[in-house]
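Right, one structure below, let's go through it.
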Amino acid sequence: MTSRRKTAIKVGNVALPGCGMYALLTRQTTALFDEQAYLKPSAPAFSLITGPSPAPGSTVAVLGNQVTLAVTASRPAEPVLSRSKATPISAFDALPATALQITLNQGADKKWRFCTVNAWSDTGEAGDPSVALL
């Protein structure tokens, strides 16, 4: 199986194809496969999470298949390691506490996946990329 096929399978578990986060995660994971490297991830810290909430007695189905969350997130720098030597070769920069707008889409399998992760200061222009959670 090619690295691109492996990437598509893995990324599709957490991001919706056709969305900004899918494109970003595909680029990141393909580069890691191509460089024979892996990421030693750190869990992001989330705070101040707000989003839609169904009325008491309602099910989450009333939310539809897309929700937008307002989140503040941060994470430390993450080392990229050589697969053969397990030594650091680079790092993904830290994400300082950042106010984000996260859009999640629910698939036919009823699982929620990332679509967009944008800073509130995002211009919305095509060249203004999604915020990397990795």
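Please treat every number below as a calculation from the coordinates, not as lab data. Quantities reported herein were computed from a predicted structural model and do not represent experimental measurements. Counting neighbours? That spans all protein chains shown, and the Cβs are built from the backbone with ideal geometry, glycine included.
Summary table
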read-out: Residue match in region 58-67 (condition: in contact with a Leu (Cβ under 8 Å, 6 or more places away or on another chain) and either under 19 Å from MET21 (Cβ atoms) or aliphatic (A, V, I, L, M) (or both)); value: yes
read-out: Members of region 37-55 found to be polar (S, T, N, Q), closer than 17 Å to ALA94 by Cα and out of contact with any Ser or Thr (no Cβ under 7 Å at 6 or more places or on another chain), listed by number; value: SER42
read-out: LEU133, sole failed condition from (1) assigned to a strand (DSSP E or B); (2) surrounded by 13 or more Cβ atoms within 10 Å (Cβ to Cβ); (3) not polar (S, T, N, Q); value: (1)
read-out: Residue satisfying all of: in region 82-125; β-branched (Val, Ile, Thr) and more than 15 Å from the chain's Cα centre (by Cα); surrounded by the most Cβ atoms within 10 Å (Cβ to Cβ) among these; value: ILE89
read-out: Unique residue being among the β-branched types (Val, Ile, Thr), closer than 22 Å to VAL131 by Cα and exposed (fewer than 11 other Cβ atoms within 10 Å of the Cβ) when the list is THR50, THR72; value: THR50
